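A short write-up of the structure that comes next.
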Amino acid sequence: MSGLALLDYASVLVFALTGALVASRAQLDLVGFAFIACLTAVGGGTVRDLLLDRHPVFWVGQPDYILIACGAAVLVFFTAHLVESRYNWLVWLDSFALSIAVAAGTGAALSLGQTGVIVVLMGVTTGCLGGLMRDVVCNEVPLVLKQGQLYVSCAFAGALTAVLAAQLGLTGLPALGLCALVCWSLRAGSLLFGWQLPVYKARPPRQ
Amino acid sequence: MSGLALLDYASVLVFALTGALVASRAQLDLVGFAFIACLTAVGGGTVRDLLLDRHPVFWVGQPDYILIACGAAVLVFFTAHLVESRYNWLVWLDSFALSIAVAAGTGAALSLGQTGVIVVLMGVTTGCLGGLMRDVVCNEVPLVLKQGQLYVSCAFAGALTAVLAAQLGLTGLPALGLCALVCWSLRAGSLLFGWQLPVYKARPPRQ
Amino acid sequence: MSGLALLDYASVLVFALTGALVASRAQLDLVGFAFIACLTAVGGGTVRDLLLDRHPVFWVGQPDYILIACGAAVLVFFTAHLVESRYNWLVWLDSFALSIAVAAGTGAALSLGQTGVIVVLMGVTTGCLGGLMRDVVCNEVPLVLKQGQLYVSCAFAGALTAVLAAQLGLTGLPALGLCALVCWSLRAGSLLFGWQLPVYKARPPRQ
């Protein structure tokens, strides 16, 4: 199995776990768990493939992805009550899924010889859109929009790292691993230590 | 006209009626009715066609679909005040649209020779995504997420029926009719008799 | 540069400004501004290109669009506090972006020789879907759904104008300029003078 496919598998698995956790917060049944898990797991990569006109879309050509996502949904359905804080699990699993998916999206765009801007954008798209669909459909506040947290920025920094590494001659799994590491470190730092970028604040109205 | 096109026409018509009913709840004007009706009517099938790289997308090649959806919007705009409970009409019409669209999506994927997993998924996608877009855009609680009701499960069971029927040599409209019937019966049973699958319940916190 | 590309550039720029203004209302950081600006700026045109199977998608083939959208995000991030009413700016900039995008979408479909129905629909799609994505993701009430305002109707009238003009032999930038003018005049009239179409009102319950 190629390194890129491995990244896709890993991101599908971890994103599916986060989707199923959100489904548990919405108290759905098992099929609802599988539906949200699949949407989250393949959402970002599907948009990437459609935008780049890569056919068949990764999971259409290889249905294993769907089976993995459904397996993750079943696992969460029967074990989620064992964990103390489902929201903490959700946020941390999402940080891993984000990092892996950014690497997968970046790698796919690099392998198609896209320009740097598009590679970065495909990394951000693959990383952020699955989780965004999950949150919009399930009416959670999108993690993308949480104030005072790094999220899209982590995806952006990770994807940029892979592009710069490629410029310096570093490609393949090492470069994509570095990309995922940068993305995850920033996200973890934001969650643990409150790292953030300055946010926009409206000036108070004049007196 | 092929049986598949007939199913697409029927699902477009009935989904458009549900879209227009939701537009009436949002008190839009006639053009707003047509917009939501079209989005609902062609949303699921459009995603299916994009995922399967079927071009032209069914309604781009055959604009009759759009005219039918607009006709449904006009009809609802001028007659919706005659019905007692628009929400009941919405839910029941949606159950018919769901069943027909699942059959249409399943049939399209079968006719392209897709594997069983993808066929089932295309049935669920075609059936559920139009209504999901309608509800997300209009800020209704998605029917997909209503607790204690079968929805995605009905689509899943219907699509699975068509795949099993195909394995047993039953294809064409009879198989798709059976698919729609299974889907609708489950949905109707859920609405009338409260049929449901066990939902996830968080264990109460330990004392 | 072709006239069509010019329209795409202009609509990307102005839609990006509206996206960044919405990001300022959500108090995001600079990368969040860029993310929402890009989503809004290229959302409608991307859906148009995917539906019409135009590859590469306009901004994938020409990353300048993304840089323009990011530039708009930076500009708004550092200057939005200077304006008195960001919501007014948002609504009026959106009216310009809508009009230009409708012309761009209509022109693209006309240049592909699509039928009248599809041309009108591509105009509406290109004009309305970027803003709709922006509002759904950022949890604003979609402008599309604002009661008692013309919005989709303006896009519809503008696109229809271009189709009729093409029938009468008027094509190219003059026809698209007329399309944008009709769309914007109706929207401005709706904002300034309360122009509207009759909306659906449920009859009061019988006594």
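Each value in this text was obtained by applying a stated rule to the coordinates, not by laboratory testing. Bear in mind the structure is a predicted one, so any value in this text is a computation, not a measurement. Ideal geometry is used to build each Cβ from the backbone, glycine not excepted, and the neighbour counts take in all protein chains shown.
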Check: the protein assembly as shown dipole with +1 on Lys, Arg Cβ and -1 on Asp, Glu Cβ, in debye: 1280
Hz values of 3J(HN,Hα) by residue in segment A:180-187 - Karplus curve (6.51, -1.76, 1.60), Gly and Pro given as x: 5, 5, 4, 4, 5, 4, 5, 5
Per-residue mean of C-beta atoms belonging to partner chains within 10 Å, peptide A:50-58: 5
Averaged over C:188-198, number of beta-carbon atoms from partner chains that fall within 10 Å: 1
Only Lys, Arg (+1) and Asp, Glu (-1) charged, at Cβ; chain A dipole about Cα centre in debye: 740
Helix-derived mean residue ellipticity, 222 nm - over chain C, DSSP H n ≥ 4, -39500 (n - 2.57), to 500: -25000 deg cm²/dmol
Of A:175, A:142, A:92, farthest towards positive along the dipole that unit charges on Lys, Arg, Asp, Glu beta carbons give chain A: A:142
Cα-derived Rg to Rh of the protein assembly as shown, Kirkwood definition: 0.95
Where a label projected 7 Å from the Cα of residue B:79 along Cα→Cβ would reach, residues of segment B:17-59 with amide N under 13 Å: B:17-18, B:21
Descending principal axes extents, segment B:3-193, alpha-carbon based, whole Å: 48, 41, 24
Net charge of neighbours whose Cβ lies under 15 Å from the Cβ of residue C:154, counting Lys and Arg as +1 and Asp and Glu as -1: 0
Position residue C:84, label points 7 Å along Cα→Cβ, spacing to each other copy in nm (shortest first, one decimal): 5.4, 5.4
Pairwise centroid distance, computed over Cα atoms, of segment A:1-65 with segment A:97-118, Å: 16
Label point 7 Å beyond Cα along the C-beta direction, distances from residue A:193 to other copies (nm, shortest first): 6.1, 6.1
Residue with peak Gaussian network fluctuation, chain C [Cα springs, cutoff 10 Å], from C:157, C:103, C:16: C:157
Estimated Rh, segment A:113-172: Kirkwood, alpha-carbon pairs, angstrom: 12.6
Label spacing, shortest first and in nm, from residue C:141 to its equivalents in the remaining copies (7 angstrom along Cα→Cβ): 2.2, 2.2
Percentage relative contact order, segment C:3-193, counting C-alpha pairs under 8 Å, at least six apart: 25
P(r) of segment B:104-207 over all Cα-Cα pairs, binned every 5 Å from zero, in whole percent: 2, 13, 20, 19, 16, 13, 8, 4, 2, 1, 1, 0
Number of partner chain Cβ atoms within 10 Å, mean per residue of B:111-120: 3
Stokes-Einstein D for segment B:27-111, Kirkwood Rh over Cα pairs, 25 °C, 0.890 mPa s (µm²/s): 174
Net +/- balance of residues flanking residue C:57 in space, Cβ distance below 15 Å, scoring K and R +1, D and E -1: -3
Cα-Cα P(r), segment A:74-128, percent of pairs per 5 Å interval: 4, 20, 19, 15, 11, 11, 9, 7, 4, 0
Count, lysine Cα pairs under 26 Å in the protein assembly as shown, 8 or more residues apart or across chains: 6
Separation of the residue C:168 and residue B:181 label points, Cα + 7 Å toward Cβ, nm: 5.6
Phi-based couplings in Hz for segment C:56-69 (Karplus 6.51, -1.76, 1.60; Gly and Pro marked x): x, 3, 3, 8, 6, x, 9, x, 3, 4, 5, 5, 4, 4
